[in-house]
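Okay, so here's the structure we're looking at.
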Amino acid sequence: MTGQKPEEDREHPVDRTLPPLKMFTSGLQHVAAMYAGVVAPPMIVGPACGLSATETAFLMGASLFTAGIATLLQTLGFWKVGAKLPFVNGVSFAGVTPMVAIGKAHGPADALPVIFGAVIVAGVLGFLLAPYFSKLVRFFPPVVTGTVITLIGVSLLPVAFNWSQGGNDRAPDYGSLTNIGMAALTFLIVLVLRRVLRGFLQQIAILLGLVAGTLIAIPVGITHFSALSQASLIGFPTPFHFGVPQFDVAAIVSMCIVMLVCMTESTADMLALGRIVDRPADERTIEGGLRADTLGTALSPLFNGFANSAFAQNIGLVAMTKVRSRFVVATSGLILIVLGLCPVAASVISLVPLPVLGGAGIVLFGSVAASGIQTLASAAMEKGDNALIVAAAVGIGLIPIAAPDFYHNLPKDLLVVLDSGISTGCLVAIVLNLVFNHFDRKTPDTEGNAEGEALGDTDTDTDTDTDTDAAAAAAVPSDPATTPQPVPATAADTDEPAAATAH
């Protein structure tokens, strides 16, 4: 007996627990890195659905609470649910624009019930599709995921511009020098903090920028404390607080598309994180992770939450700190739940003036678009068909942003999908990728080999002669656009991962 465990019997770092203090501080660090991303979507959707400041604060608390539940599902898991990797889950940015469109289409009284009904159906559908989707990921190469992530960021930038002007175009101070000046100052603060800080503080530069901007805004007179004064210390996100879910077909279709986008992003995130923690994400891991995402999404509306997906920014934190324990991130989930049960904590975020949030939002949403562009860098853009796919998908996706009334003569039910550049751009990218890179083969002689390559066929157990294989390989060049690509190492080892986030 040597007293040393064999290599295969040693506990993997992902499954190790840490001392309580280190567990808590490391978990809190994850929360700090993603906190602003969790509360930003309800801060956009709430006012768009006609909610007051107090109701929006309640919605933010519910998002924190449901993000905690989804994180526990992902890290601890049960049965075949959960990737059991150090993943933080939160509200996906991909659903923001479609939910705003749904809110505008249905009015304040029915907006959130319709949104919640669509999210429930999308979550259930995603849960059922998880075993199959984990096999179909080969059809979502970087040319598709990069396009979608870019559109998420670009579609959200107008929201940041509106915030920077004050948020309410009917207000007398909308677009005033004070509002734009505060947005510009916050923007500069965030850039400086990102440039000069290192490590953990650099990860929370946006959060620190929001705090600094809010403090500066107090003497300026644009910080309001009404929501904080009305919030209670302890509260529970009452089930169906905004009404019983309603099920609208057009809204359901829109959110199902969002769910597919979230599943695509989460899959890319799992592949990246699996490599970072030295536990490669196989098909079973991806299936379990997608089940956790979708189950968390289906349960969220019960507590007034939205669609959840993996937060990519936390991947960079894992790469930087080298803390790979999933129980650290499970601690983050518990912290999120506690924050969600304390309305005062959620109301503190509502103190942030919209111009301050707009200045930080330009950086936040712009970084999402930059992540999409970074993903497109691995999409073999020199191949003519791929450039065409991106051009068409981005062009169609930008229509609702550049020309908001473009579809105004079409049936109202279609507008929920068409008014979301993310949804339309995603559909175009998927369809064109299938047409150009999977179904459109040049000659019958190369069709078989090309199709196998497009589907990621790597079967080597054949009796074919080696020389014949080499000739076939030479006849059909490897196409990165149609072959599943590993997530670039630089995306996981830096502070700005390739997959969004939108979150």
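The values are calculated or read from the model by the stated rules, or taken from the named source; none is laboratory data. Given the structure is predicted, the values throughout are model-derived calculations rather than measurements. Ideal geometry is used to build each Cβ from the backbone, glycine not excepted, and the neighbour counts take in all protein chains shown. All accessible areas refer to the heavy atoms of the entire protein, side chains included, with ligands and DNA or RNA removed. Shrake-Rupley method; radii C 1.70, N 1.55, O 1.52, S 1.80 Å.
Sorted by packing (mean other beta-carbon atoms within 10 Å per residue), highest first, where do 163-172, 125-134, 93-102 land?
93-102, 125-134, 163-172
If R₀ is 22 angstrom, what is the calculated FRET efficiency for the pair Asp282 and Lys322, using the beta carbon separation as r and rounding to 0.05?
0.45
By how many nm would the segment from Phe236 to Asp15 lengthen if fully extended, with 0.36 nm per residue of separation less the alpha-carbon distance?
76.4 nm
How do 285-294, 212-221 rank on mean C-beta neighbours within 10 Å, highest first?
Going by the mean number of other Cβ atoms within 10 Å, highest first, we get 285-294, 212-221.
Leaving out ligands and nucleic acids, note down the accessible area per residue over the range 166-216 with a 1.4 angstrom probe, in whole Å².
Per-residue value: 56 Å².
Please report, as a whole percent, how much of the solvent-accessible surface of the range 243-343 comes from carbon and sulfur atoms (probe radius 1.4 Å).
Here it works out to 68 percent.
Is the shape of the range 181-287 best called rounded, prolate or oblate, per the rule: a/c under 1.5 gives rounded, else a/b larger than b/c gives prolate, else oblate, with a ≥ b ≥ c the square roots of the Cα gyration tensor eigenvalues?
oblate
Express the carbon and sulfur contribution to the solvent-accessible surface of the range 36-179 as a percent, rounded to the nearest whole number, probe 1.4 angstrom.
Reported share for carbon and sulfur atoms: 65 percent.
Fully extended, how many nm does the chain gain between Ala109 and Tyr174 (0.36 nm per residue separation, minus their Cα-Cα distance)?
Roughly 20.8 nm would be gained on extension.
Highest mean first, how do 400-406, 421-427 rank when packing is the count of other Cβ atoms within 10 Å averaged over residues?
Listed from highest to lowest mean packing, they are 421-427, 400-406.
Report the relative contact order of the range 113-213, percent, no decimals, based on alpha-carbon pairs under 8 angstrom and at least 6 residues apart.
Rounded, it is 15 percent for the range 113-213.
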